[in-house]
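Structure, as structure tokens:
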Amino acid sequence: MPASRTLPTDEAVELIKLVRDIAAKELAPRSAEAEATETFPRDVFRMLGRAGLLGLPYPEELGGGGQPYEVYLQVLEEMGAVWSSVGVGTSVHALSCFGLATFGTEEQQQRWLPDMLGGEMLGAYCLSEAHAGSDPAAMRTTARRDGDEYVLNGAKAWTTHGGHADFYKVMARTSDDTASRGGGISCFLVPADAAGLSADPPERKMGLTGSATATMRFNDVRVPVERRLGAEGEGLKIALAGLDAGRLGIAAVATGLAQGALDQAVAYARERETFGEAIIDHQGLAFVLADMEAAVQSGRATYLHAARLKDAGHPFGKEASIAKLVCTDNAMKVTTDAVQVLGGAGYTRDFPVERYMREAKVMQIFEGTNQIQRLVISRHLKRGSGGTLSR
């Protein structure tokens with residue numbers, strides 16, 4: 001990856017080198033076949049967990065890696081550059097651990113977090129519903145208190161790792177609170193082997209086909225009270241608190257995807273000749289590549305800026321939305337241009353750029369569509385939020 005990366009410590013430098021080596025030796029050789037056959041690489045996540053890469057942004061005392069968020073995001077970018085499904089899956093797993101790590105009791109954390117952050121247990125995140133994607137407060141999945149248990153009923157759509165995860169972080173309605181948006185929603189840590197929990201067949205997707213995405217169905221699923229995270233009614237607060245960090249994860253993976261497409265395009269342009277010279281020497285195409293490089297670097301700078309605000313303890317919600325918007329729009333443009341650079345070859349499956357283009361599209365949609373990001377940004381502007389630190 002380019003020397004423009006910012007790595008604050010020697011430890012971080014070594015970590016990035018380790019991830020780059022793993023990406024080259026373990027991820028890249030398997031990615032094309034797994035995506036073509038729609039095979040979910042569960043063993044890869046177990047390997048990443050044992051290498052200490054699934055819990056990087058969480059404190060060491062909780063079993064995590066204790067790394068700054070800007071370092072963790074660069075790890076995701078390295079993964080995304082060779083296998084986006086794994087990069088996205090790592091980001092989703094980290095998000096699925098967020099509720100327990102930040103709102104769980106000490107007893108809950110000691111009981112479940114070590115295996116979660118260590119990668120022995122792969123997580124999934126159940127927030128969206130078929131009718132409540134961009135408006136999670138409209139969810140209908142319910143959790144009814146019955147003695148020392150809750151009984152969950154409903155369906156959660158677009159669940160990454162659905163049917164393969166070991167635990168599900170689930171938002172469900174525990175009351176019909178109408179006084180506040182989402183006030184009646186609570187958060188639960190549901191084990192995959194809970195009776196009544198099932199997964200629909202995976203969605204047949206345009207891209208990220210190595211990542212299983214399925215609707216999870218809850219049919220009288222009983223969950224002990226001890227598996228509720230936070231107090232009743234705090235579920236949407238927990239969900240929204242983690243979304244800004246999740247958006248940065250997608251921004252980093254999208255930047256890696258764009259970098260991978262750019263690398264392929266530059267390599268091809270150096271070797272392919274027309275009219276007696278490499279096509280990179282033709283100004284028309286050279287300028288396309290220059291614009292691709294500018295897009296990748298600007299995206300990287302945008303997500304790193306947001307991460308540094310987060311690491312410093314400053315508000316970063318607006319900047320997270322900006323990063324998600326900029327990086328995923330850039331990834332769509334860069335991957336499309338990569339196909340164009342390769343010409344007819346780029347449209348075939350002999351080269352990975354057509355897959356990169358298909359994978360980029362969904363990044364403009366999940367973790368909040370880019371239209372929603374623009375809405376979030378404009379609301380921040382209306383409130384006048386953001387000071388000199390974010391300018």
Between Glu226 and Ser298, what is the FRET efficiency for a Förster distance of 45 Å, r being their Cβ-Cβ separation, to the nearest 0.05? 0.45
For region 274-368, what is the charge dipole size about the Cα centre, in debye to the nearest 20, if Lys and Arg each add +1 at the Cβ and Asp and Glu each add -1 at the Cβ? 460 debye
Placing +1 at every Lys and Arg Cβ and -1 at every Asp and Glu Cβ, with all other atoms neutral, what dipole size does region 163-246 have around its Cα centre, in debye to the nearest 20? 160 debye
Taking springs between alpha-carbon atoms closer than 10 angstrom, which of Tyr58, Tyr168, Tyr347 fluctuates most in the Gaussian network model of the chain? Tyr347
Sorted by packing (mean other beta-carbon atoms within 10 Å per residue), highest first, where do 153-159, 372-378, 302-308, 126-132 land? 302-308, 153-159, 126-132, 372-378
Would you mind giving the average projected area, over all directions, of the Cα convex hull of region 10-117 in nm² with one decimal? 6.6 nm²
Between region 101-133 and region 320-382, how far is it from one alpha carbon centroid to the other, in angstrom? 28 Å
If contacts are Cα pairs under 8 angstrom and at least 6 residues apart, what is the relative contact order of the chain in percent? 16 percent
May I ask for the distance between the Cα centers of region 64-79 and region 221-253, given as a whole number of Å? 20 Å
Please list, or write none, the lysines whose alpha carbon is within less than 22 Å of the alpha carbon of Lys17, excluding same-chain residues fewer than 8 places away. Lys25
Scoring only Lys, Arg, Asp and Glu (+1, +1, -1, -1) among other residues with Cβ under 14 Å from the Cβ of Leu289 yields -3
Among 38-50, 352-364, what's the highest-first ranking by average C-beta atoms within 10 angstrom per residue? 352-364, 38-50
Stretchable slack from Leu18 to Val266, in nm (0.36 nm times residue separation minus alpha-carbon distance): 86.8 nm
Expressed in nm to one decimal, what extension gain is obtained for the pair Met47 and Arg383 from 0.36 nm per residue of sequence separation less their Cα-Cα distance? 116.5 nm
I'd like to compare 313-322, 199-208: which one has the highest average count of other Cβ atoms within 10 Å, and what's the full order after that? 313-322, 199-208
Nearest-0.05 FRET efficiency for Glu60 and Asp148 at R0 = 22 Å, using Cβ-Cβ distance, is 0.10
Connecting C-alpha atoms closer than 10 Å in a GNM of the chain, tell me which of Val71, Val266, Val92 has the biggest fluctuation. Val266
Cross-link candidates for Lys382: which aspartates and glutamates have Cα within less than 17 Å, leaving aside residues fewer than 8 places away along the same chain? Glu319
Tell me whether the chain comes out rounded, prolate or oblate; compute the Cα gyration tensor, take square roots of the eigenvalues as a ≥ b ≥ c, and use a/c under 1.5 as the rounded threshold. prolate
Cα-centred dipole magnitude for the chain, charges only on beta-carbon of K, R (+1) and D, E (-1), debye, nearest 20: 1080 debye
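Bear in mind that the values in this text are calculations on the coordinates, not laboratory data. Remember, predicted model here, so these are calculated numbers, not experimental data. Glycine also receives a Cβ, built like all others from the backbone with ideal geometry; neighbour counts cover every protein chain displayed.
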